Amino acid sequence: MPVSPATPATHAASDHKALAVTPMALVRPIVQAYEARKMDPSGALAAAQIEPGSVRIASARISALQMERISGHAMQELDDESLGWSRRRLPWGSYGMLIRSCLSAPTLGVALKRWCRHHGLICDNVSLHLQLQPGTAAIVLAEVEPLGPWREFCMVSLLRNLHGVACWLIDSRMALQRSEFPYVAPPHADVYPLIFPGPIRFAAEPAMEPEAALQARLCFDPSYLELPIRRDENALRQMLQRALPLQVLPYRRDRLLVRQARQALLDRPEVGQNAARLARALGLSMRTLHRQLRQEGTSVQALKDAVREERSRQLLERGDQPIKQIAADIGFRNEKSFIRAFKLWTGHTPAAWRRLRQGAAAA
């Protein structure tokens, strides 16, 4: 059972049950799936309390709970978890089978490769693969055959599903570096950051180039691929009882957050000026950043101190740069403050520590 195609990923489910944020553009393909099979969608619409006439109103929106209800009803009534976009019908339970095949994987990277491979066995008009580049991993969804009116619905639902399942498998929030879609920004583009937290990129103009024009992707830190699978068969049975609204938020922390925050401070010293800048660099609110770091047993100040200590040691080892200049380079207001902090870190003044290191190197 897949994730609801447009379940917001940044807020608690209870906050969104009454908020109409899901665009009707993601409901119409479900109705079209009924029409393609000469079936009546009225039962699914009634289950979600959606007025049939509102489906044709471009500006209309429904709540996440309504989207969950119409999706769940339609998947069972049509016996198709793709809700029409797959050329081959995906019978009820197909995605549960895919998740089950990933439970024995040692890491998320192996699980995602397995998912992509097995998905190709049940669906042949789109393909999924894991792409690795320096500093970035990506799940790439390629359109093998024209998806017609189901194009946006397919890409949103498939990638949202895979992101939710990946987070569930490692029991961790998985931050997205960016999400890319090969079509121009739709009128309801404002909902995309709720579904895919982080930067969103749309095609600048209607897709014309053969390859990039047919691909959507989710980009993330490749370190997530090394995280172990933390779920088992019992957890899967419990999750499948209500899998449609599977969200990113239930995962208490991002298991890479400390590493990512530390790297951001090392690579871009300016983000360490205050917590707000660091939070923006990580795509989080300041409140969320502080809360998740507390859960990891650390804080913004502790990370800044650790990075400052690491950078000061590196600069002291490299040569004879004046202590005053090193203090300024790592963000201290004056030399005295730096000397005091360095002594707390190492038990030595910067000058004494430098002499010790140079003596050890000479020996």
(request) Starting from the Cα of F202, move 7 Å in the Cα-to-Cβ direction to define the label point; list residues of segment 131-150 whose amide nitrogen is under 20 Å from there. (result) 141-143, 147-150
(request) Give the cross-link partners of K343 among the aspartates and glutamates, using a straight C-alpha distance below 18 Å as the criterion and excluding same-chain residues fewer than 8 apart. (result) D305, E309, E310, E317, D329, E335
(request) Answer with one residue from V144, A279, H129: the one whose Cα lies farthest towards the positive end of the charge dipole of the chain, charges on Cβ with Lys, Arg +1 and Asp, Glu -1. (result) A279
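Computed FRET efficiency, Cβ-Cβ of S59 and M39, R0 25 Å: what is it to the nearest 0.05? Can you show the working numbers first?
Details: r = 27 Å, r/R0 = 1.08.
Between S59 and M39 the formula returns 0.40.
Could you check what % of the DSSP bridge pairs in segment 13-240 are antiparallel, to the nearest 5?
DSSP beta bridges in segment 13-240 are roughly 90 percent antiparallel.
Taking the Cα centre of segment 300-363 as the origin, how large is its charge dipole in debye, to the nearest 20, when only Lys and Arg (+1) and Asp and Glu (-1) carry charge on their Cβ atoms? Mind dumping the intermediate values first?
Values: 13 positive and 7 negative charges, 32 e Å.
Computed charge dipole of segment 300-363: roughly 160 debye.
Translational D (Stokes-Einstein, µm²/s) of segment 300-363 at 4 °C and 1.567 mPa s when Rh comes from the Kirkwood sum over C-alpha pairs? Walk me through the numbers on the way to the answer.
On the way: Rh = 11.8 Å.
Here the translational diffusion coefficient equals 110 µm²/s.
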(message) If you fit an axis through the alpha-carbon atoms of helix 335-346 and take the longest principal axis of the Cα set of the chain, what angle between them do you get, 0 to 90°, nearest 10?
(response) 80 degrees
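Is segment 71-184 rounded, prolate or oblate when judged by the Cα gyration tensor, a ≥ b ≥ c being the square roots of its eigenvalues, rounded requiring a/c under 1.5 and prolate requiring a/b larger than b/c? List each step's numbers first, then the result.
Numbers: a/c = 1.72, a/b = 1.24, b/c = 1.39.
It is oblate, given that a/c is not under 1.5 and a/b is not larger than b/c.
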(request) Multiply the residue separation of M239 and L266 by 0.36 nm, subtract the distance between their alpha-carbon atoms, and state the gained length in nm to one decimal. (result) 5.9 nm
(request) Using the Cα centre as the reference, give the magnitude of the dipole from point charges on the C-beta atoms of the chain (Lys, Arg: +1; Asp, Glu: -1; all else neutral), rounded to the nearest 20 debye. (result) 1600 debye
(request) Return one number: the angle in degrees, 0 to 90 and rounded to the nearest 10, between the long axis of the Cα atoms of helix 286-295 and the longest principal axis of the Cα atoms of the chain. (result) 80 degrees
(request) Starting at the first residue of segment 272-284, write each ³J(HN,Hα) from the Karplus equation 6.51 cos²θ - 1.76 cosθ + 1.60 with θ = phi - 60°, in whole Hz, x for Gly and Pro. (result) x, 4, 7, 5, 4, 5, 5, 4, 4, 4, 9, x, 10
(request) Can you tell me the FRET efficiency between Q76 and D329 if r is taken as the Cβ-Cβ distance and R0 is 41 Å, rounded to the nearest 0.05? (result) 0.10
(request) Please work out the FRET efficiency for the pair E309 and D232, using the Cβ-Cβ distance as r and a Förster radius of 35 Å; give the result to the nearest 0.05. (result) 0.30
(request) Counting helices only, and only those DSSP H runs with n ≥ 4, report the 222 nm mean residue ellipticity of the chain as the sum of -39,500 (n - 2.57) divided by its residues, in deg cm²/dmol to the nearest 500. (result) -14000 deg cm²/dmol
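Rounded, prolate or oblate, given the Cα gyration tensor of segment 256-298, with a/c below 1.5 counting as rounded?
Numbers: a/c = 1.94, a/b = 1.32, b/c = 1.47.
Oblate, because a/c is 1.5 or more while a/b does not exceed b/c.
Every read-out reported here was derived from the displayed coordinates using simple, explicitly stated rules and does not represent laboratory data. These figures come from a predicted structure and were not determined experimentally. Backbone-built Cβ (ideal geometry, glycine too); neighbour counts: all protein chains shown.
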